[in-house]
Amino acid sequence: MAKVLPAIPGMVFPQLPLTVQHSDFEPATSLLSRLAAKNGVQSIQQFCRDIAFPIEPLFRGERAAIEQLAGLAGCQAEALGRVSIRHLGRGYFRLRDEIVTTHTLHRSRVRVCPECVRSEVPTSAEAWHLPRRLQWKFVSLRTCPKHGCMLVSLPPENFTKDGKDFTAQIRKHFDWVLSQATVPAEQSSFEHYLTKRVLKGRGDEWIDSLELNVASRACEILGLLLTKGPEVSLSGHTESDWVQFGEAGYEVLKEGAEALSLCLRDQVAQVEGDRRFFAKVYGPLITWLRGSGLGEEFEPLRDVVRRQIFQTFSIRKGILVLGVPSEGITASNVPAILPVTPFIRENARLLARRGLAQHDDFGHIALKGFVTEGMLKSFERERLAETRGPLPENSHWTLSGLVERPILSRASGAEIMSIPDAARFLRVTARTVSYLAEHRFLERAKLVEGYRAGSLVFQASSLRMFHARYVSLGELVEETQHPQGALAMKLRNAGLDMLAMPPDFSRIFWREDVDLSGLKAGRQACAK
């Protein structure tokens, strides 16, 4: 073939003897490869040398090179540019308004549908009949919707440049492709969504706000977690498995960020054994989101996962969670996520005021991660006790063997008590006393002579009533002489109800539940 002058941006090439028609959704590299094969040239490199065509700019997806190829093939440059991928550098590529990466896109690995080859390529010499579909380049698209079968990967080449010559690859491995058994596989709704997005563009749903490389891989990793559990590895799965995983994850993510948050909450309940560590509960999802190769486009997805972690797990202040430090402990333990019952909905405002629940970003009530069934039972018990009215001031519990001591034995004989006096008497922290006063367990009193203006003081009568109904862990430690840690474990194992409060406050139990004689007997037996 006679050589022509070097390509100049904007020039129109002379019409070649043999041309091919640009197929819908065929990228520029495939069109160039078919054009070279149609003119009897062995490779696109040789073809481009013969006609002085700039091949490297075309591989990078530069606009000038695409316009030159469109002029060479006689097709519309706009249509060719819409389905051609541009290299942005450092493993990032652009397809229209989509960002993809090398983890999302096959650059040198060639995949085809065996049935498409059989139906469109009469012989090896006529391999130029088959255009490469744009969707075959994407890692997460593994089936052919036209023939209902899995795509097959051609044997890898030693050099990357050879893998970019699609028609030459079909011609070289033609017999091998025809010998491949067809693996039936219907296109999943996940693959249908990706195909539509790749070919036609984004929609208006939440998942469409995520970049294409984020959305596609997130569906697969979330589906892996939901299907195989938190201990599964990211590697070692077949192509058919990934189709299944992608479908499972897409069913959640297509419903939006709220559905993802609820799914992550439900996943905690599915884990058997220790649920304290979010990395163990969410396994492959956390491993993937912690990857160093993930860019800023993953931050919207990380933010949803991170907020759910902070709401559910106990994390010390300063510990990094997906790149953001925790503000402090929000949960003392991670129980199974409790369903929102009619009782919770009826008392939503009070639960939120008590620090046991909060309204999420969507306005729905959500219990905090430390709330257990026992705490809700205790809270309901409080509500029932309120309907029965307060206990008489001179009452005391004797059923459990625990007799009330003189109310002011640890404080002055006045009927007004300050926060330090109340804390010493109840054997709780001053912060706990303030919490009890804020939520009306203790009655505030008017200031009297001897107290500074602005001081918080209480009626001694309200402490008598509170002390008649509740007993703190500190008081039990003093009465039984048990070590605090051992006694706390003993009471927890006994399943006693605690006053429903966040974990940062002193532990307070229902006095009628505590068997003081049994605790003292146990202490004496241990001493002997």
Given the criteria open to solvent by 40 Å² or more (accessible area, probe 1.4 Å), modelled with pLDDT of 85 or more and either of a type outside the set (F, W, Y) or not in a loop (DSSP other than H, G, I, E, B) (or both), does A2 qualify?
no
Within segment 360-393, can you find the residues that are part of a helix (DSSP H, G or I), hydroxyl-bearing (S, T, Y) and modelled with pLDDT of 70 or more?
S378
Can you tell me which residue among V117, V110 is among the β-branched types (V, I, T), open to solvent by less than 20 Å² (accessible area, probe 1.4 Å) and more than 17 Å from L32 (Cα to Cα)?
V117
Restricting segment 455-465 to residues that are free of Cβ contacts under 8 Å to residues at least 60 places away in the same chain and open to solvent by 10 Å² or more (accessible area, probe 1.4 Å), which is nearest to D497 (Cα to Cα)?
Q459
Failed condition for G401, given (1) open to solvent by 40 Å² or more (accessible area, probe 1.4 Å); (2) at pLDDT 70 or above
(2)
From the options L178, L154, residue that is open to solvent by 40 Å² or more (accessible area, probe 1.4 Å) and touching a residue at least 40 places away in the same chain (Cβ under 8 Å):
L178
Just to verify a result, which residue in segment 34-57, among those that are surrounded by fewer than 18 Cβ atoms within 10 Å (Cβ to Cβ) and in contact (Cβ under 8 Å) with a residue 60 or more places away in the chain, is farthest from T19 (Cα to Cα)?
Q45
Restricting attention to segment 516-528, does a residue exist that is open to solvent by 50 Å² or more (accessible area, probe 1.4 Å), at pLDDT below 80 and within 46 Å of the chain's Cα centre (by Cα)?
no
Residues that are buried (at least 19 other Cβ atoms within 10 Å of the Cβ) and within 22 Å of I416 (Cβ to Cβ): does segment 477-499 have at least one?
no
Which of the residues that make up segment 295-306 are open to solvent by 60 Å² or more (accessible area, probe 1.4 Å) and either more than 19 Å from G249 (Cα to Cα) or in contact with a strand residue (DSSP E or B) (Cβ under 7 Å, 6 or more places away or on another chain) (or both)?
E296
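With the requirement that a residue be open to solvent by 70 Å² or more (accessible area, probe 1.4 Å) and either among the hydroxyl-bearing types (S, T, Y) or in contact (Cβ under 8 Å) with a residue 24 or more places away in the chain (or both), what does segment 58-75 give you? Spell out the reasoning first.
Step one: of segment 58-75, the residues open to solvent by 70 Å² or more (accessible area, probe 1.4 Å) are 60, 63, 67.
Residues satisfying the conditions are R60, E67.
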Restricting attention to segment 92-108, and to residues there that are part of a loop (DSSP other than H, G, I, E, B) and farther than 21 Å from S23 by Cβ, which single residue is farthest from the chain's Cα centre (by Cα)?
S108
Tally of residues being outside any loop (DSSP other than H, G, I, E, B) and either open to solvent by less than 20 Å² (accessible area, probe 1.4 Å) or free of Cβ contacts under 8 Å to residues at least 60 places away in the same chain (or both) across segment 340-359:
13
All but one of (1) at pLDDT 75 or above; (2) surrounded by fewer than 18 Cβ atoms within 10 Å (Cβ to Cβ) hold for V321; which doesn't?
(2)
Please go through segment 113-140 and pick out each residue that is closer than 23 Å to R217 by Cβ and outside any loop (DSSP other than H, G, I, E, B).
L134, Q135, W136, K137, F138
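The values are calculated or read from the model by the stated rules, or taken from the named source; none is laboratory data. Because the structure is a prediction, the values reported are computed rather than measured. Cβ: placed from backbone, ideal geometry, glycine included. Neighbour counts: every protein chain shown. For accessibility, only protein heavy atoms count, side chains too; no ligands or nucleic acids. Shrake-Rupley method; radii C 1.70, N 1.55, O 1.52, S 1.80 Å.
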